[in-house]
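Student: Shown below is the structure under consideration.
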Amino acid sequence: MLLGNVIKGGLRNFAAYCGAGGGTAWAKAQMMAPAELVGLIEKSGLRGRGGAGFPSGRKWQAVASHASVLKYLVVNADEGDPGAFSDRFLLEDDPFRMIEAAMIAARAVGATQGYVYLRKEYPDAAGILRDALQQAKSAGWLGAGFDMALVVGEGSYVCGEETAMLNALEGRRPEVRVRPPQISERGLYGAPTLVHNVETLCAVPWIVEQGADAYAALGFSKSRGTKLLSLNSLFRRPGLYEVEFGISLADLCENLGGGLRRGKLKGLMIGGPLAGIVPPDLLDTRLGYEELQAIGCAVGHGGIIAFADDTPLAAIMSEVFRFGAYESCGKCTPCRQGTPVLAEAFKSLAQGRRINRQDYAALIDVLAATSLCGHGRGLAEFASAVERHYGEELASCFA
């Protein structure tokens, strides 16, 4: 569904893309009323692939329902989670699929201007996208009615959060906004805005061509369709995979990843550092939003980092909190000041200084309760999942 053109070597030429069947979904979408397109996405069960898993149809409906003449569509290509690289492959090897999907979404919600906010660390993708956007304009896809522009970020991880990204697009400090209002009401420049990540959008042409029922028939439970997974280098067969929701984590590790290159599996970090670590005894868990949430973990963006048994838990936690502290936007006091304390506490374990458990618990509680966005809350959820699944090893870190 998503990697067809990627595995063929990529399609970076507009004529080649159309020759391989590209543009069929756009042609069909132009024959459909905007409300019909919104209904199609709602019926398909498509959910956001950027981390939160929010129903895409509800987003479309919220933006479409506003009477504003000016609406925006923003493609969140700020793929910053360590271990994730799915959007990069889609952007570099199948850029017209993303553009076609954006055009369909814009028609559905009434957006007239689109932006692709691209991660600074993807220079190859930036060049390819600039060329693809120009080809699309020359072919008449973009310009009158709906146009798109590329904006390259400045390296902030928090710009993966949609309101921080919108601030960055406006030339402001990339801090998270207080909600409400939701961005479907007041987003970019105060106008209703639809934001999707690359993978989510790229499923849209297939849904338009094949139908909502065909898409909903894939996957399981409340997680429909397919998901891209980035397996890290500790697997014997690392790389990018497209799977149906419902596959077990054991199947991912053994049959897709081929097991580990060294040692025994200590745990899987799925969906980035702001999620829990799945222990080996829970590998029968099936890939799904609610299923992973039930064990204190998350699908996230689909990066899967395996840890072998030669990696101390304290080293993992030290690195996650260091990353969290470095990437905090600084707006929330608990996140700005609390995460460096947590990072330093776990780093100090190497010098034999144990952590005060009461202080640690208080910091985690305040991160969970008062953080404005998923950055601080995600770090708290990570800590809670580690305590739940690795309680005995974590206890050895405390005084």
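Student: Which residues, taken from the range 1-26, are small (Gly, Ala, Ser) and open to solvent by less than 50 Å² (accessible area, probe 1.4 Å)?
Tutor: GLY4, GLY10, ALA16, GLY21, GLY22, GLY23, ALA25, listed by residue number.
Student: While we're looking at this one, here's another question. Among the helices (runs of 4 or more DSSP H) lying completely within the range 333-399, list those that include at least 2 residues that are touching a helix residue (DSSP H, G or I) at 6+ places or on another chain (Cβ under 7 Å) and more than 21 Å from HIS301 (Cβ to Cβ).
Tutor: Qualifying helices (runs of 4 or more DSSP H): 339-347, 357-370, 391-395.
Student: Ok, one more. So which of LEU231, LEU249 is surrounded by 24 or more Cβ atoms within 10 Å (Cβ to Cβ) and either closer than 25 Å to PHE307 by Cβ or not hydrophobic (A, V, I, L, M, F, W, C) (or both)? Don't jump to the end; show me each part of the working.
Tutor: On the way: LEU249 fails: surrounded by 24 or more Cβ atoms within 10 Å (Cβ to Cβ).
The unique qualifying residue is LEU231.
Student: Hey, among the residues in the range 299-324 that are open to solvent by 20 Å² or more (accessible area, probe 1.4 Å) and within 26 Å of GLU244 (Cβ to Cβ), which one's nearest to the chain's Cα centre (by Cα)? Working first, answer last.
Tutor: Start the filter on the range 299-324 by keeping residues that are open to solvent by 20 Å² or more (accessible area, probe 1.4 Å), which leaves 305, 307, 309-312, 314-315, 318-319, 322-323.
With within 26 Å of GLU244 (Cβ to Cβ) added as a condition, the list becomes 305, 307.
On the way: ILE305: 15, PHE307: 21 Å.
This residue is ILE305.
Student: Now a separate question. I'd like the full set of residues that are β-branched (Val, Ile, Thr) and surrounded by fewer than 16 Cβ atoms within 10 Å (Cβ to Cβ), limited to the range 342-371. Talk me through it step by step, then tell me what you get.
Tutor: In the first step, residues of the range 342-371 are kept if they are β-branched (Val, Ile, Thr); the result is 355, 364, 366, 370.
The one that is β-branched (Val, Ile, Thr) and surrounded by fewer than 16 Cβ atoms within 10 Å (Cβ to Cβ): THR370.
Student: Sort out which residues of the range 27-50 are buried (at least 20 other Cβ atoms within 10 Å of the Cβ) and part of a helix (DSSP H, G or I), and write them in order of number.
Tutor: ALA29, LEU37, VAL38, LEU40, ILE41, SER44, listed by residue number.
Student: Same structure again: Out of all the residues in the range 111-165, which are open to solvent by 40 Å² or more (accessible area, probe 1.4 Å), within 23 Å of VAL69 (Cβ to Cβ) and either in contact with a Cys (Cβ under 8 Å, 6 or more places away or on another chain) or among the polar types (S, T, N, Q) (or both)?
Tutor: Scanning the range 111-165 gives THR112, GLN113.
Student: Tell me whether the range 45-55 contains one or more residues that are charged (D, E, K, R) and farther than 16 Å from GLY300 by Cα.
Tutor: Among the residues of the range 45-55, not one is charged (D, E, K, R) and farther than 16 Å from GLY300 by Cα, which makes the answer no.
Student: Can you confirm whether the range 102-113 contains a residue that is touching a Phe, Trp or Tyr at 6+ places or on another chain (Cβ under 8 Å) and of a type in the set (S, T, N, Q)?
Tutor: yes
Student: Identify, please: which residue in the range 188-215 is assigned to a helix (DSSP H, G or I) and open to solvent by 10 Å² or more (accessible area, probe 1.4 Å) and is, among those, nearest to LEU40 (Cα to Cα)?
Tutor: The extreme case among them is ASP213.
The values are calculated or read from the model by the stated rules, or taken from the named source; none is laboratory data. The structure presented is a predicted model; accordingly, all values stated were derived computationally and were not measured. Positions of Cβ are backbone-derived with ideal geometry, glycine not excepted, and every protein chain shown enters the neighbour counts. When the accessible area is computed, the model is the full protein with side chains, heavy atoms only, and any ligands, DNA or RNA have been set aside. Shrake-Rupley method; radii C 1.70, N 1.55, O 1.52, S 1.80 Å.
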